[in-house]
1. Between 0 and 90 degrees, rounded to the nearest ten: what's the tilt of helix 581-591 against the longest Cα principal axis of the chain?
2. Would you work out if region 400-472 is rounded, prolate or oblate? Take a ≥ b ≥ c from the square roots of the eigenvalues of the alpha-carbon gyration tensor; rounded if a/c is under 1.5, else prolate when a/b is larger than b/c, oblate otherwise.
3. Using only helices, what value at 222 nm comes out for the chain when you add -39,500 (n - 2.57) per DSSP H run of length 4 or more and divide by the total residues, to the nearest 500 deg cm²/dmol?
4. Expressed as an acute angle from 0 to 90° and rounded to the nearest 10, what is the orientation of the C-alpha long axis of helix 215-229 relative to the principal long axis of the chain?
5. Measuring from centroid to centroid over Cα atoms, what is the spacing of region 174-246 and region 369-420 in Å?
6. Would you mind computing Rg(Cα) / (2.2 N^0.38 Å) for region 294-432, counting N as its residues?
7. Roughly speaking, what is the stretch gain from GLU87 to ILE311, that is 0.36 nm per residue apart minus the C-alpha to C-alpha distance, in nm to one decimal?
8. With angles folded into 0 to 90 degrees, how steeply does helix 34-50 sit against the dominant principal axis of the chain? Use alpha carbons for both and round to 10.
Amino acid sequence: MRILEFRIFEQNKNMIHGFVKAAAAIPLLQVADCEYNIEQIEHLLHKAAMQDARIVVFPELCITGYSCMDLFAQDSLLHQAVAALFELVRRTRNIEALCIVGMPLAVGNRLMNVAAVLQKGKVLGFVPKTFMSNSREYQERRWFSPGSELETDRVTLNGSDYPVATNMLFTCGKATVGVEICEDLWAPVPPSSLLAMQGASIIVNLSASNELTGKNEYLKSLVQQQSARCIAGYVYAAAGFGESSTDLVFAGKGFIAENGVMLGEVERFPMREKLLVGEIDVDYLHHDRTVSSSFMQEAHRLAGSRPAIRIPYGMPSGTVKTFERAIDPTPFIPSSDVARDERCNEIFSIQVNALARRLEYTQLQAAVVGVSGGLDSTLALLVTAMTFDALKIPRPQITGVTMPGFGTSARTGGNAVRLIRSLGATLKEISIVDACRQHLNDIGHDGTTPDTTFENAQARERTQILMDLANRLNGLVIGTGDLSELALGWTTFSGDHISMYAVNAGIPKTLVRYLVEWIALHKVDDDIRTTLLDIVDTPISPELIPAGKNGSISQKTEELIGPYDLHDFFLYHFMRYGAPPSKIYFLAQNAFKRKYAKDVIKKWMGVFFRRFFTQQFKRNCLPDGPKVGSVSLSPRCDWRMPSDASAALWLKEIDGLG
C-alpha cells in the first residue's frame, strides 16, 4: 500500500495541487495536404507545450482534413496520412505532452476514422469513432466503418504493431484520458459514459461539427452535461478554417469543461489558428466520484466482456510554471448579476417553502423571531413574513422581539424596531439588562467584566425569552443562525444555537448579505428598502459587550474570528471537495491575492480548522432547518463527525505552509 501511495504521489507531483493543464488546439489546414497540416499541428503542439499543457487535443481527421469526401477512398491520401503521422511523431519526439490527432486509418478490410494518441516520439494507440454520422449533410458511412466493426485489436504500420480499440484508456494516476470522436457525444449512451465509469477522468473529443444557427449553444450544453454526468473534465476541439466550404462551414469550436462548468471556450469563426488552455482539477473530480454512491453502480455489467484496455503514459517532467485558472473568492455566490438574482430567488423560495410546511404540519399560526438589526435575524424575519403571506396568515401574528442588552447600539436597535413595524409584525421590546445583572450577581460574577460568561448570559437570556414567549403565544421560535456561524461554532450553546426551526442554517454569511440586499431591491417597498440597505451596510457584531462612544458598535465579529469571505472560502473547499489545507491555501492565495497577504490567510485558516473541529458538539444537536446548497452541516443530512475528533493532522499541515 505504501508503494502504491508513493507512485500516485510521484505521478501527480508534476501537477499543481491536482490541476492538469489541457488544451484544445484548432490549427489552420488545407484539405488533403497532409504535409501542410502536420506542420500546423506541430506548431500548435509546441505552442501548447510552452504553456505547460500536458494533454493537447486536435480536431477530427485533422491530418487530412475532415471534408475530403471521396478522396478518402484514394490510397495515395491514406498512405500519405500514415507517412505524415510518423513524420509528426518524429518531429515532436522531444515534446512530453500527450497529443491526440485525427486521421483516416485502414484497419484490416475497414477504413476507420481514428484518434491517434502520441507522446514523446511514440504512437500509443488508435481509437476509432464508434458512432457514424450519416444523415442530412453527413455521409460518413460512405467512407468509414464504425469501431464496432473492428475485426482485430492490432494494426501494423511501418513494421510495428499498435493497439486499436474503442475502449482504450490512457492512464497516468488520476489523469486518465478517454477518447471519443464527434458524433459519439450525440449518441444516447456516449462512449465517454462507459470510459468514465472505468476510470477516465478527462474525456477528449476530436470533432468536425459544422455550423448551423442555434447549434453552438446546444453543443455547448451537451459538453457541459456530459462532463457533469461523467464527473470528468471534457476537452473538445473541432475543425476550423481551411476545411472545405463547398456546402458546410466549420467555425473552429473549442471547449474545456469540468463537471458541468465551462472553464473556457474559443472564439468561433477565426481565420487563424486557436489554442485554448485550461486547468482541470482531477483531484476534485476524484473526490466527487468517490462520494457519489451511484457513479460506479452497474459499471461491471455495462462494460460487459470488454473491460477497458489501459495504456500508460507519463506526465511531463518538471513543475508546471504557470497557473492561470481563475479561482472564485466567493464560491457560494454566482459571479453574474443575473445568476445571482436567480440563486437568491431560489434560496428564498426554499426557505419560505420549508417554513410553510413546518407551520402547516404543526398547525401553528404564530411565530416569534428575535430581531437584533443584524443580517441573520433580518433574513429570518423576512422569510417568516413572506411565509405568512403565502399561508394567508396575518402578519401581526409574527412577534418580532428586540432584546437590548449591554452592547446594543442605537443603529442596530433602531433598525430592528423600524423593520418589525414596517413589515407589519407585532413589536415587543424586552430589555435583558436587569435580568442579566441579577443572574450574573446570583452566580458570583461582577457584572462588568466582558468575559465569556458575561456574553453568553445575554445570549441564553434572549433564548429563554423567545422560547417562553413562543409557548405563551402557541408559536414557533424561528432560528436566525447561519452556516458560517455553525462552521465556526460562533453561537452560544443552548443560547442562539437553539430554536424550533432554523431557516438560515444552510446559508453562508457571505450569501446572507446578498439575499437581504436582493429582497430589498425586489420584494419590498421603499420604506422597508431603506432600512434593509442600512442593515446590509452595518458591521457584523453579536453586540454582547458595551457599546463604544456615541453608542457605536465596539465588538466586530470579523476582527475577532477573521473575515467571513475567507472562512466561507475555506468552508466551501473543505466541505465540498475534501480539500487539504495545502490546496485550500494555494487556491486562497490565487483568489485573494489583491486582498490578503499569505500570512493573513494562513493565520485565519488555522483559526477556521481549530474552531471547526472543537465546535462539532454544537452541530450534533442542531434544530431542523432546510438544506439549500451543496454544503450543509446538518448532522441528519450531510455532516457526521465525532465531537472529539482531533484537528492535529490539519493544523500540522497548516503549520508547515510557507
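The values are calculated or read from the model by the stated rules, or taken from the named source; none is laboratory data. Given the structure is predicted, the values throughout are model-derived calculations rather than measurements. Glycine gets a Cβ as well: all are built from the backbone with ideal geometry, and neighbour counts include every protein chain shown. Only protein heavy atoms, including side chains, enter the accessible area calculation; ligands, DNA and RNA are left aside. Shrake-Rupley method; radii C 1.70, N 1.55, O 1.52, S 1.80 Å.
1. 90 degrees
2. oblate
3. Calculated from helices alone, the mean residue ellipticity at 222 nm is -12500 deg cm²/dmol.
4. Between helix and principal axis, roughly 70 degrees.
5. 51 Å
6. 1.80
7. On the way: separation 224, 0.36 × 224 = 80.64 nm, distance 2.22 nm.
That works out to 78.4 nm of additional length.
8. 30 degrees
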